[in-house]
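Shown next, in structure tokens, is the structure this report addresses.
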Amino acid sequence: MHQNSRHENETLALDKMDELRDDFALRGRCEMFRVNLKAMAAAHQLAQGTNLRGHLVWGRKSHFEKLLTIRNLQSNDEDEDILQFFREHHDPVIFMERHAMKRAEFRKLISPLVRSGHLIQDYRGGFKTISPNSDSDLWDVKSEYIRGLVSEYPVISLKQVERLAGSAFSAEEISDVMHAFEEDGTLIKGFLVDDLQDICWGRQDILEGLKGIRKTRDLVVPPSDPLIHYFGSLLRERFGFGSAYMVFHKEEPIAAFKANTKDGVIEVTDFVGDSELEKEALRVMKEFAWEHDMPLTGKLYEQLRSR
């Protein structure tokens with residue numbers, strides 16, 4: 001999955017992705033990484049808003065309009081003045097001056113609207129009001145969104161879809177959509193994974209062609225990569241983390257670690273892994289750090305190196 005979703009460069013990767021959280025997520029999707037996400041946001045006029053999993057992500061305005069449509073949330077009457085202002089203007093300084101408001105007060109005022117998806121912040125720091133697609137059928141929009149999610153995975157369980165989709169979808173809605181995909185031939189259903197007792201859905205065209213799939217390189221999947229939600233149960237059960245960097249060697253998860261990434265370094269703060277494959281895990285982590293030009297640091301990392 002990861003290998004087939006990588007593109008030649010960051011421009012092609014951005015064209016294929018609706019949302020990105022950070023440079024780690026962008027770098028993982030391109031073979032050649034020349035320009036960081038901040039520069040790409042300016043070049044492609046991206047904005048930052050809240051996705052359906054509650055994370056701040058970069059994306060196009062049309063994507064956030066779709067997300068607000070899926071949320072199906074009406075704004076509060078007391079927020080209408082703010083939303084109306086940012087329909088006509090984008091500069092927050094004008095709003096603060098008009099209301100004799102400090103930046104901290106302004107942030108407190110707009111944060112709920114950013115979280116609910118009614119406001120986004122553009123690459124220049126301005127804000128824009130988002131409106132839902134009123135001419136679209138809600139069920140059709142939700143179904144197509146789920147279809148886009150599941151189409152990227154050869155096999156997926158109901159729990160995995162729930163994690164990927166976010167809280168805007170109920171379990172019943174997701175189940176109904178998945179059953180509809182069965183009926184129209186998009187997916188097949190069954191016990192599709194040998195060591196998994198859960199019923200899964202899979203794309204028959206991908207499953208039939210599994211023998212021709214090339215092997216995935218050793219890699220680290222960061223917490224900001226959407227793939228991490230696909231491996232959420234495995235991350236918790238095997239490594240005890242809710243969110244972490246997952247290390248893969250020979251297509252198997254062998255370790256997970258937590259890290260701080262401020263000041264241009266990756267400071268390892270926690271590590272859980274197979275003791276017999278610790279050297280391999282460190283090698284993959286070093287390659288990951290080298291790709292991002294961010295050296296590994298920290299007392300724990302030095303302890304791991306010296307073992």
- Message: Tell me the relative contact order for segment 7-129 as a rounded percent, counting alpha carbon contacts under 8 Å between residues six or more apart.
- Response: 27
- Using Cα positions and a limit of under 19 Å, work out the lysines in reach of K279, with same-chain residues fewer than 8 apart set aside. K250, K258, K299
- Item | At R0 = 41 Å, FRET efficiency that the Cβ-Cβ distance of N36 and Q303 yields, to 0.05 | 0.85
- Task: Going by C-beta contacts inside 10 Å, put H63, H89, H118 in order with the fewest on the left.
- Result: H89, H63, H118
- Dividing the mean separation of Cα pairs under 8 Å (6+ apart) by the residue count of the chain yields a relative contact order in percent of 13
- Task: Go ahead and run the numbers for FRET between D274 and R6, Cβ-Cβ distance against an R0 of 22 Å, rounding to 0.05.
- Result: 0.25
- Query: How many times 2.2 N^0.38 Å is the alpha carbon radius of gyration of segment 112-203?
  - Reply: 1.34
- Task: For M101 paired with S136, estimate the spin-label separation in nm (one decimal), with each label point 7 Å from Cα along the Cα-to-Cβ line.
- Result: 2.8
- Item | Cα-projected label distance for H44 with R283, points at 7 Å along beta-carbon direction, nm | 3.4
- S243 label point, 7 Å along Cα→Cβ, cut-off 14 Å on backbone N: hits in segment 10-29? 21-22, 25
- Fewest to most Cβ atoms within 10 Å: I188, I254, I130 sort as I188, I254, I130
- So what's the convex hull volume per residue for the Cα atoms of the chain, in Å³? 155
- Note on the structure: For E252, placing the label point 7 angstrom along Cα-to-beta-carbon and taking segment 273-307, residues whose amide nitrogen sits under 17 Å are 273-284
- Query: Can you pick out the pairs among K142/K286; K66/K159; K61/K159; K16/K286; K16/K262 whose Cα atoms lie more than 32 Å from each other?
  - Reply: K142/K286
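Read the figures in this text as sums done on the coordinates, not as results from a lab. This structure is a prediction, so every number in the text was calculated from the model and none was measured. No Cβ is skipped: glycine too gets one built from the backbone with ideal geometry, and neighbour counts run over all protein chains shown.
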